[in-house]
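One structure below.
The values are calculated or read from the model by the stated rules, or taken from the named source; none is laboratory data. Remember, it's a predicted structure, so these values are computed and weren't measured experimentally. Note: ideal-geometry Cβ built from the backbone for every residue, glycine included; neighbour counts use all protein chains shown. Accessible surface is based on the protein model in full, side chains and every heavy atom, while ligands, DNA and RNA are left aside. Shrake-Rupley method; radii C 1.70, N 1.55, O 1.52, S 1.80 Å.
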Amino acid sequence: MLHLAMSDFEHKNARHPIYLEEWRKSLTDLSQAGFADALGMHQSSYSYIESGTRRANLDQLFNIADYLGIEPEQLFRSPEDPVNGLIGLFAKVPKKDKKKAVGLFRAILKESFDLT
């Protein structure tokens, strides 16, 4: 399902799609250099990651997502992808109620789209 949601958002770097530039521009007013500085990274290192020339390590991904206030996995989807809204809503569900929320979501999908 996630793949289907992402199919409408073709990324410029299909080999290692990561939407850092899009997220940076949608959530901050920072230039690439300013964003790298805010993260404590060298601008050139960040530039390589943002362009897809170099892969980010897990610490960098978590750092970037934390700074942007999003979940790390959202970096691999366009900021315009509707799945991001679902993630934000699910994050607000209290931990004790997450199973109920997933069950409710499955029931809605099954009813609405005749999924089995």
* Report, by residue number, each residue of the stretch 59-73 that is hydrophobic (A, V, I, L, M, F, W, C) and either open to solvent by 70 Å² or more (accessible area, probe 1.4 Å) or within 17 Å of GLY85 (Cα to Cα) (or both). => PHE62, ALA65, LEU68, ILE70
* Asked: Among the residues of the stretch 78-85, is any surrounded by 10 or more Cβ atoms within 10 Å (Cβ to Cβ) and touching a Leu at 6+ places or on another chain (Cβ under 8 Å)?
  -> yes
* Structure fact -> The correct count of residues that are outside any helix (DSSP H, G or I), within 21 Å of ASP66 (Cβ to Cβ) and not acidic (Asp, Glu) in the stretch 79-109 is 3
* To do: Would you mind finding the one in ALA91, ALA101, ALA107, ALA56 that is open to solvent by less than 90 Å² (accessible area, probe 1.4 Å) and closer than 14 Å to LEU20 by Cα?
  => ALA56
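Somewhere in the stretch 46-62, is a residue within 13 Å of the chain's Cα centre (by Cα) and of a type outside the set (Ser, Thr, Tyr)?
Yes: one or more hits.
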* Looking at SER45, SER112, which is the one that is part of a helix (DSSP H, G or I) and either modelled with pLDDT of 90 or more or in contact with a Leu (Cβ under 6 Å, 6 or more places away or on another chain) (or both)? -> SER45
